[in-house]
Amino acid sequence: MNFNDYSSGYNSDKKSFILKVLLAIAIILIPFMNLPYMKSIMGELGAQGAAYAFIFIIIFVAVDMLFINKSIIRIKNISVYFIIGFLIWIIISSGVNFSSILSNNFKGRSGISKFVLQVGVLGFGILSSYCVYYIMKINKLGVSYIRKFVTITFCICGIYSLMEIFYLIGIDLFDPILKGISYVVNMYTRGELYPRGVRSISGEASYFAMFSTFALPFLFSYLFTKNKGKTPLFLALSIYILVLMFFSKSRIGYVMIGLQFVMFLAYAFLLKRKKQGIINMSIVIIGALLMGFLVNNFFYNRPSEERAEFDVNTADSVSIGAVYNSINDENNMSNVARVGLWKAAFKMGMDKPVVGFGLGQYGFNVKNYVDEDTKRSDEVKMWIDPQTTPWPPAFSVHFRVLAEFGVVGLILWLGIWISLTIQCFIKFIKNRFDVTGIVIITLIAGVMMSGFNSDTFGYFPYWIVLAMSLLYVENNNYFELEEI
């Protein structure tokens, strides 16, 4: 068999099957955000389960484009031009700062090594986004395909989280299982129980909150689509994701999920106003309020001395009131650290507003911009101490972009998402408030809010949502969900 015969056979069912399976695996691996493997080789990507699947996806898509189809799908959209502009500005910024990048050294790491690593992370993310777009486009995959595997991976999270809830309320039946799974999937507190709240398989409660903002729009979409008799199951899952957020005690999670919840409320009662959708949403509201009442009044609160050892940066209970009070607590060290490093990144951006400090250079320079009040946090003092190993986080990809690429870089970065949101909203109105549109719009809101919790370009929902948004505005009929 010559190559043309082989490629012709491969190009049909085999190619489609392989690419669809790899995409499904990537989706299922998204909540595995704190893996303890390959960090020395892959850097921050090593912690992301989806990265391992996307390695093979990128290879297969490259082979398919270069040797089988021998064509590249070009995406004509203004957001793509913002991406190109963003990449060009990164090159300009890093070129202007290249001498300092070469001289930077902190905690045994060099500026050039961080620069190369971040080139890899950002490039990998953009390639992953193109591959998602490519696979969905050539195989005519819609939102329902992604939703199916998001639901599966949420169920995996939910099973682990249920065992965590038993632990948190003082039932140790599943503790050995939690420890065993934690050793395999978590880098932080590896192989240990996690007393701060539900973190599921994501490593930290705030990481699980980030995944939940990606999962919630898909789960809630079931409330407005045909489900072949499975509506009770999807109602239960919609309520359960809210319950898990209660138990996570993640303040950023409360804000992110709360906003998405309000968006779906407005969609059901003000925009779509279909009877079955309103009934389903009302059941979720009642279920969430009931579970919230139970959690607020019967959640087991660990003794204060145990919190002093494990939990000084979180709220003292899972109640919404306690979480709200912790957000406004000036002595909560988590607040001090997060807000203080946001302010430091902002100062960096204002100090070099045009080009910033260059790709990957935030950590080398932030110590010069941290104010004395922020240094009350022992974590911050550890992060800026050259004698320790933990790297200083920015706690926000948006603030990091401002610090590293200046105001121009931030405008281009936000321009990607704002231009997409505007296009999606216009399409949403033209489609008479279709459920696919509200899913995409809440997904964009979710990843943008997640950008205030994590500073990495290696968060794969950015790139998946980017690809799905581009497909939505292209008027692809196969992409749409089937409504009630």
Problem set entry | Descending principal axes extents, segment 372-484, alpha-carbon based, whole Å | 58, 31, 22
For this session: State the answer as a single residue: which of Val380, Asn475, Val397 lies farthest towards the positive end of the charge dipole of the chain, with beta carbon charges of +1 for Lys and Arg and -1 for Asp and Glu, about the Cα centre.
Result: Asn475
Seminar exercise, completed: In debye to the nearest 20, the charge dipole size for segment 323-462, taken about the Cα centre with +1 at each Lys and Arg Cβ and -1 at each Asp and Glu Cβ, equals 520 debye
Seminar exercise, completed: HN-Hα couplings for segment 38-55 via Karplus (6.51, -1.76, 1.60; θ = phi - 60°), in whole Hz with x for Gly/Pro, come out as 6, 5, 5, 9, 9, x, 5, 5, x, 7, 9, x, 4, 4, 5, 6, 5, 4
For this session: Please compute the net charge surrounding Ala344, taking Lys and Arg as +1 and Asp and Glu as -1 over other residues with Cβ under 9 Å from its Cβ.
Result: +2
For this session: Quick one: net charge around Phe357, please, counting Lys, Arg +1 and Asp, Glu -1 for every other residue with C-beta under 12 Å from its C-beta.
Result: +2
Exercise. Karplus couplings for segment 115-128 from phi (6.51 cos²θ - 1.76 cosθ + 1.60, θ = phi - 60°), rounded to Hz, Gly and Pro as x?
Worked result: 4, 4, 4, 6, 4, x, 5, 5, x, 5, x, 5, 4, 4
Exercise. Treating the beta-carbon of each Lys and Arg as +1 and of each Asp and Glu as -1, no other charges, what is the dipole magnitude of the chain about its Cα centre, to the nearest 20 debye?
Worked result: 1440 debye
For this session: May I ask you to give the solvent-accessible area per residue for the chain, in square angstrom, as obtained with a 1.4 angstrom probe?
Result: 43 Å²
Seminar exercise, completed: For segment 96-242, the Debye formula with one identical point scatterer on each Cα and no solvent gives log10 I(q)/I(0) at q = 0.16 Å⁻¹ as -1.01
For this session: Using the charge dipole of segment 111-185 (Lys, Arg: +1 at Cβ; Asp, Glu: -1 at Cβ; taken about the Cα centre), state which of Gly180, Val143, Val121 has its Cα farthest towards the positive end.
Result: Val143
Exercise. Going by the alpha-carbon gyration tensor, a ≥ b ≥ c the square roots of its eigenvalues, is segment 219-274 rounded (a/c under 1.5) or, if a/c is not under 1.5, prolate (a/b greater than b/c) versus oblate?
Worked result: oblate
For this session: Note the direction-averaged projected area, equal to a quarter of the hull surface, for the Cα convex hull of the chain, in nm².
Result: 24.1 nm²
Exercise. With the Cα gyration tensor of segment 156-306 giving a ≥ b ≥ c as the square roots of its eigenvalues, does the rule (a/c under 1.5 for rounded; else a/b larger than b/c for prolate; else oblate) give rounded, prolate or oblate?
Worked result: prolate
Exercise. When only DSSP loop residues count, what trypsin sites (Lys or Arg not before Pro) in segment 90-156 have their Cβ near at most 13 other Cβ atoms within 10 Å?
Worked result: Lys140
Problem set entry | Under 5 Å, built H, 5+ apart or other chain: amide partners of Thr225 | Ile484
Problem set entry | Charge dipole of the chain about the Cα centre (unit charges at C-beta), most positive-ward option of Leu23, Ser202, Ile75 | Ile75
Exercise. Dividing the Cα radius of gyration by the Kirkwood radius, what Rg/Rh value follows for segment 368-407?
Worked result: 1.01
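The values are calculated or read from the model by the stated rules, or taken from the named source; none is laboratory data. Worth saying up front: this structure is predicted, and the values here are computed from it rather than measured. Positions of Cβ are generated from backbone atoms using ideal geometry, with glycine treated the same way; all protein chains shown enter the neighbour counts. All accessible areas refer to the heavy atoms of the entire protein, side chains included, with ligands and DNA or RNA removed. Shrake-Rupley method; radii C 1.70, N 1.55, O 1.52, S 1.80 Å.
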